[in-house]
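Only the coordinates and a few stated rules stand behind these numbers; no lab work does. Everything numeric here is computed off the predicted structure, so don't read it as measured data. Glycine also receives a Cβ, built like all others from the backbone with ideal geometry; neighbour counts cover every protein chain displayed.
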């Protein structure tokens, strides 16, 4: 008698729940919002600070410095929130066997050669087919 498969759970969600708790995702969201807020304050068109009684908002330069500090806090929060996603990948990058310099040159030359050949082929198609299509358009087809 065959066993019925149990409900399969996504392995990606399991990894995210174990290694990247909800707090880091919330920190990433809040960090991006703080970054956008800092950009809006710095830009000054969409969001302006009108409460100038405090010494920090007394001049436009001080408002811009405040906006830069807010943006740096947002970038730092994003870095802290997203770094656990990238550190395992950096460990894997150390284990990769990278090709030699000569092999890289050969592969790069092949790619550029193919791109140039493909571009020339499309130019020839265009030169050949353009008069034919112009004749068809003039005929009203």
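Before moving on, here are some points about what is shown:
- Computed label-point distance, nm, for sites residue 69 and residue 124 using a 7 Å Cα→Cβ extension: 6.6 nm
- Spin-label pair residue 58/residue 133, simplified geometry with 7 Å Cα→Cβ offset, distance in nm: 6.7 nm
- With the gyration tensor restricted to C-alpha atoms of region 25-141, the semi-axes of the equivalent ellipsoid amount to 51, 32, 14 Å, longest first.
- Each label point was placed 7 Å from the Cα along the Cα-to-Cβ direction; for residue 92 and residue 141 their separation is 5.3 nm.
- For region 97-141, dividing the convex hull volume of the Cα atoms by the residue count gives 56 Å³ per residue.
- Packing rank of 37-44, 126-133, where each peptide gets the mean count of other beta carbons within 10 Å, highest leading: 37-44, 126-133
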